[in-house]
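Trainee: Please see the structure below; I have some questions.
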Amino acid sequence: MKSLQSIIENHPFFKGLEPRFLELVTGCASNVRFEAGQPIFRQGDEANQFYLIRQGKVALEVCPPNCEPIVVQTTSDGEILGWAWIVPPYHYHCDAIATELTRAIQFDGQCLRKKCQEDHSLGYTMLSRLLPVIGQTMEATQLQLTDVYGNRS
Amino acid sequence: MDKPSTINKTNLNQLFAELNQHGYQIIGPTIRGEAIVYDRISSIDDLPEGWTDEQQPGHYRLKKRSDKALFGFNVSPHSWKQFLHPPERKLWTAEKNGSNFKITPEKLENPKFAFIGIRSCELHAIAIQDKVFIQGPHIDSVYQIHRKDLFTVAVNCGQAGGTCFCVSMNTGPKANSGFDLSLTEILEENRHYFLVETGSGRGRSILENLNDKKPAENKEIQSAEKIMTETSKNMGRFLNTEGIKETLYENLEHTRWEDVAKRCLSCANCTMACPTCFCSTVEDVTDITGDHAERWQKWDSCFTMDFTYIHGGHVRHSTKSQYRQWLTHKLASWIDQFDSSGCVGCGRCITWCPVGIDLTEEVAAIRKPDKSKTDYN
Amino acid sequence: MSNNVHDPMVPQIYEVTKRIRETHDSFSLYLESKSNSVISNFGPGQFNMIYAFGVGEVPISISGQVEKFGHLIHTIRNVGTVTSALNALKKGHKLGLRGPFGSSWPIEKCKKQDVVLIAGGIGLAPLRPAIYALLKERDQFGEIAVLYGARHPTDLLFTKEFENWRGKYGVQVKVTVDTADREWKGNVGVVTTLVPRVSFDPNNTIAMICGPEIMMKFSVLSLKQSGMSEENIFITMERNMKCAIGFCGHCQFGPAFVCKDGPVFSYNNIKPFFETRDF
């Protein structure tokens, strides 16, 4: 079985991470597994987790009152789940549910935050890896909002 | 080219008769509703003798001349394209029969036109439309048949109009090719005659039948040349065409487009008056029974909103983008498409713009550095 | 013009031999020629002008060909008066057709290369003949990836064919939708998110994109981020078309007439105009 550290090292999100940072983040990590249909976090919950998806698929849902939940994004192999752990006030913005058997690495958000505060260059590294993902999510959201395939006549 | 000849006014009438005899329908300048237009004419009496046209941005007036010149004006509001590329024509008829239907193409007729008094810029305009309609991979059947037997008697402009800039576009004022016969009208104190040049075998054989034609004397040739030099010197407008394609392509976001859009009414006059604008649309019509359908082709303009409609909206929905399309097509992308400018410098779009937008002025403004892009230092 | 040359402005009569409902708002018509001159050869990506009697004409890409000579498939989204009239046609009904017109997908260029096809919504229809052409000579090409995005799972076209493409031909087919309910077990997110999820060698890949302009713009960006160069990216443009032969002027896009120079363009060739607003 692969060591936790080598799994983290080989995940696209942490590709090329400096060894000393790798050691620091591994200290906050553990292996997790979610069954299909299992909730991972809920909107409004304290955001104390950050996940690297190894295999599987997670749906991010918003649930308007009196409506069926709407899936707005899915995240799968080689991608990440959750960035609210680094943005105050550290609350999740939507629901996350595994849609199939999903294996992931879970990081303790409080642990990561503490290490980032102690070592700002780790903090900077984390942010510069997270920001492109957040940026892409924003761009994707804009595209979804423009409803490009819709009937605009 | 043959040596030029001279003819007088009477010979000109004979020329009309000759053309009639050869089965041509004669179209030439004549006065209708306070304008000199191109229409069917039968003799030189129909020509606007002693009249001229005063043209300025958004301005056109007929004025009496002090002489009896037959061609002493510039260009008519409508160009000759109305005859070769009709403003409206039926393409085909479809008849329904149960669940089946049948399509019958409209029969084509050859009207055999002779254009009298066509100017050099207008001959260039026809050469440009030839590239669009009959020199590409597809043939426009009506244009082809109307064009096939066209006979042209060009007139070299004896004066430049207020909105003319053929010299800038290298399309005039003297007709150098594309005509069967060309005339330079010369008015001297006691003499009114025409220097005739031949541009084709057909032109030569028609000319040979005229009685009193004489070989031109050097003095007469020089008089004609002098007129051409004068006309060239007096162009009402100037357009700098150097690197114009690149200039326009590089300035698609110039603030001048916003500026002109505030003045432009999107009325489409410029495109209707332009001798090279070729856009058309099709309209499908049915009768009340629903069993009989027709398709009509009609002139269209890039200034209309529906021009760029695709499901969901219009691609060019602002006057800015429409004007930019028209000007960049005319002066830039036309060069990529057809290897020549789409503008012949006839000035019609300037004269007939109700608010007097002058494309030469717009290009000059776009050539200047964009105010919004100058830095503060 | 000699009499045996068909005037490109005059439609020929075709019969609807089959009609398939593809999604809630799109359908396919299988057409067979009723006149002597039939369209036997067309390039993938080319389109026809389809005439609904008494209503009007619309440009529709060819979405496939039945093995039998002279049979064509068109997949149409019901969005306007003409497409709605076409939607009402049943087996045995007739329509008018002119074509084929325009440029084709660069299948020859794909040989010995990986191929990425990105489709959005109804955009899979014009790409399907390209996919068929690639599968017909599967061993000539490297990796083939089909990335398909739509608004909602109910908008997806040709889903029954995906398993065949995957299983029989080893094509990486990835599908995503903009929004879905819980029933949908696939991806949710815009089509560009699929680009990093498939394998191809960006230095030896030809990409073909068909969909709404904004979606194509973002797809080009994603492909460039993955390391592809612009000259290997091909897109299709949609513009108003009336004549389809370069006479009517409606479809002009800078120096190009979309009807005859397109609809398939190398991104490199139209980039400056593609990036100009309202052009």
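Since every read-out is calculated from the coordinates, none of them should be taken as a lab result. These figures come from a predicted structure and were not determined experimentally. Reconstructed Cβ throughout: ideal geometry from the backbone, glycine too, with neighbour counts over all protein chains shown.
Trainee: Over all directions, average the projected area of the Cα convex hull of segment C:32-146 and note it in nm².
Mentor: 7.7 nm²
Trainee: Something else about it: Using a Förster distance of 51 angstrom, determine the FRET efficiency expected from the C-beta separation of B:His59 and A:Val133, and round it to 0.05.
Mentor: Values: r = 63 Å, r/R0 = 1.24.
The calculated FRET efficiency here is 0.20.
Trainee: Binning every alpha carbon pair distance of segment B:144-285 at 10 Å from zero, what are the percents per bin?
Mentor: The distribution over segment B:144-285 is 9, 25, 30, 21, 12, 4, 0, given as percents.
Trainee: OK, next. I want to verify the translational diffusion coefficient of segment C:181-228 in µm²/s; compute it with Stokes-Einstein, Rh as the Kirkwood radius over Cα pairs, at 20 °C and 1.002 mPa s.
Mentor: In µm²/s, the coefficient is 179.
Trainee: Nothing charged except the Cβ atoms of Lys and Arg (+1) and of Asp and Glu (-1): what's the magnitude of the dipole of the protein assembly as shown about its Cα centre? Round to the nearest 20 debye.
Mentor: 660 debye
Trainee: Still on this structure, please answer the following. With viscosity set to 1.002 mPa s and temperature to 20 °C, compute the Stokes-Einstein D of segment C:83-187, Rh being the Kirkwood radius across alpha carbon pairs; µm²/s, no decimals.
Mentor: Estimated via Stokes-Einstein, D reaches 136 µm²/s.
Trainee: Using the charge dipole of chain C (Lys, Arg: +1 at Cβ; Asp, Glu: -1 at Cβ; taken about the Cα centre), state which of C:Ile118, C:Ala85, C:Gly211 has its Cα farthest towards the positive end.
Mentor: Highest projection toward the positive end goes to C:Ala85.
Trainee: Quick check for you: which residues of segment B:103-136 have the amide N under 17 Å from the point 7 Å beyond the Cα of B:His292 toward its beta carbon?
Mentor: Those under the cut-off are B:103-107.
Trainee: Another question, if that's okay. In percent, what relative contact order does chain B have, based on Cα pairs under 8 Å that are 6 or more apart in sequence?
Mentor: The value is 22 percent.
Trainee: In vacuo Debye scattering of the protein assembly as shown, one point per C-alpha: log10 I(q)/I(0) at q = 0.04, 0.05, 0.08 Å⁻¹?
Mentor: Here log10 of I(q) over I(0) equals -0.25, -0.38, -0.82.
Trainee: Next question, about the same structure. Just need the relative contact order of chain A here, percent rounded to a whole number, with Cα pairs under 8 Å and 6+ apart. If you can, show how the numbers build up before the last one.
Mentor: On the way: 256 pairs, mean separation 42.8, N = 153.
In percent, rounded to a whole number, it is 28.
Trainee: Now for a different question. May I ask for log10 I(q)/I(0) of segment B:124-164 at q = 0.16, 0.24 Å⁻¹, from a Debye sum over the Cα atoms as equal point scatterers with solvent left out?
Mentor: At q = 0.16, 0.24 Å⁻¹ the computed log10 ratios are -0.56, -0.84.
Trainee: Run the dipole for segment B:292-377 about the Cα centre, Lys and Arg Cβ at +1, Asp and Glu Cβ at -1, nothing else charged, and hand back the magnitude in debye, nearest 20.
Mentor: Computed about the Cα centre, the dipole is about 140 debye.
Trainee: Once you treat every alpha carbon in segment B:203-250 as an equal point and sum by Debye, what is log10 I(q)/I(0) at q = 0.19, 0.32 Å⁻¹?
Mentor: The computed values of log10 I(q)/I(0) come out as -0.80, -1.06.
Trainee: Using amide H atoms built 1.01 Å from N in the peptide plane, name the residues 5+ places from C:Met208, or on other chains, whose amide H lies under 5 Å from its own.
Mentor: Amide H neighbours of C:Met208: C:Val116, C:Leu117, C:Ile118, C:Phe234.
Trainee: Can you pull out the trypsin sites (Lys or Arg not before Pro) in segment B:106-203 whose DSSP state is coil and whose Cβ has at most 10 other Cβ atoms within 10 Å? List each step's numbers first, then the result.
Mentor: Working: sites: B:Lys107, B:Lys112, B:Arg119, B:Lys131, B:Arg147, B:Lys148, B:Lys174, B:Arg191, B:Arg202; in loops: B:Lys107, B:Lys112, B:Arg119, B:Lys174.
Listed in order of number, the matching sites are B:Lys107.
Trainee: Using all Cα-Cα distances in chain B, what percent lands in each 20 angstrom bin from 0 up to the longest?
Mentor: 26, 53, 19, 2
Trainee: Over segment B:50-99, what portion of Cα pair distances is larger than 15 Å, expressed as a whole percent?
Mentor: Details: 811 of 1225 pairs.
Percent of Cα pairs beyond 15 Å in segment B:50-99: 66.
Trainee: Next question, about the same structure. Helix by helix through chain B, keep the DSSP H runs that span 18 Å or more along the axis on Cα and average at least 0.5 on Kyte-Doolittle, and give those back in order. Intermediate results must be reported in sequence, preceding the final value.
Mentor: Details: long enough: B:9-21 (19 Å, -0.74); B:120-133 (20 Å, 0.54); B:218-233 (22 Å, -1.22).
Length and hydropathy pass: B:120-133.
Trainee: Taking the alpha-carbon centroid of each part, what is the distance from segment B:109-155 to segment B:9-78 in angstrom?
Mentor: A separation of 20 Å, based on Cα centres.
Trainee: Just checking chain A: which Cys have no other cysteine's beta-carbon under 4.7 Å?
Mentor: A:Cys63, A:Cys67, A:Cys94, A:Cys116
Trainee: Placing unit charges on C-beta atoms (Lys and Arg positive, Asp and Glu negative, everything else neutral), compute the dipole magnitude of segment A:83-153 about its Cα centre in debye, rounded to 20. Walk me through the intermediate numbers first.
Mentor: Details: 6 positive and 7 negative charges, 24 e Å.
Here the size comes out at about 120 debye.
Trainee: I need the P(r) histogram for segment C:228-279: all alpha carbon pairs, bin width 10 Å from 0 out to the longest distance, whole percents.
Mentor: P(r) over segment C:228-279, rounded to whole percents: 26, 53, 18, 2.
Trainee: Three principal axis extents, largest first, for the C-alpha atoms of segment C:151-248, in Å?
Mentor: 49, 34, 27
Trainee: Roughly what percent of Cα-Cα pairs across segment A:9-87 reach past 16 Å? Before the final figure, lay out each step's value.
Mentor: On the way: 1833 of 3081 pairs.
Tail fraction, whole percent: 59.
Trainee: Quick one: helix C:159-169 against the long Cα principal axis of chain C, what's the angle to the nearest 10°, folded into 0 to 90?
Mentor: Between helix and principal axis, roughly 60 degrees.
Trainee: Now, a different point. Quick one: helix A:120-146 against the long Cα principal axis of chain A, what's the angle to the nearest 10°, folded into 0 to 90?
Mentor: It is inclined by approximately 10 degrees.
Trainee: Another question, then. Helix A:109-118 versus the longest principal axis of chain A: what angle, 0 to 90°, nearest 10, using Cα atoms?
Mentor: Approximately 50 degrees, to the nearest ten.
Trainee: Return the equivalent ellipsoid semi-axes of segment B:174-254 as a descending list in whole Å, where each equals the square root of 5 times an eigenvalue of the C-alpha gyration tensor.
Mentor: Over the Cα atoms of segment B:174-254, the semi-axes work out to 37, 19, 9 Å.
Trainee: Stokes-Einstein at 25 °C, 0.890 mPa s, Kirkwood radius from Cα pairs: D for segment A:17-153 in µm² s⁻¹?
Mentor: 153 µm²/s
Trainee: Please compute the net charge surrounding A:Ile86, taking Lys and Arg as +1 and Asp and Glu as -1 over other residues with Cβ under 15 Å from its Cβ.
Mentor: Once all neighbours under 15 Å are counted, the net charge is 0.
Trainee: Expressed as cubic angstrom per residue, what is the convex hull volume of the alpha carbon set of segment A:72-152? It would help to have the intermediate numbers written out before the result.
Mentor: Values: hull volume 10.1 nm³, N = 81.
Roughly 125 Å³ of hull volume per residue.
Trainee: With 27 Å as the cut-off, how large is the P(r) tail for chain C, expressed as percent of Cα-Cα pairs?
Mentor: Distances greater than 27 Å cover 39 percent of the Cα pairs.
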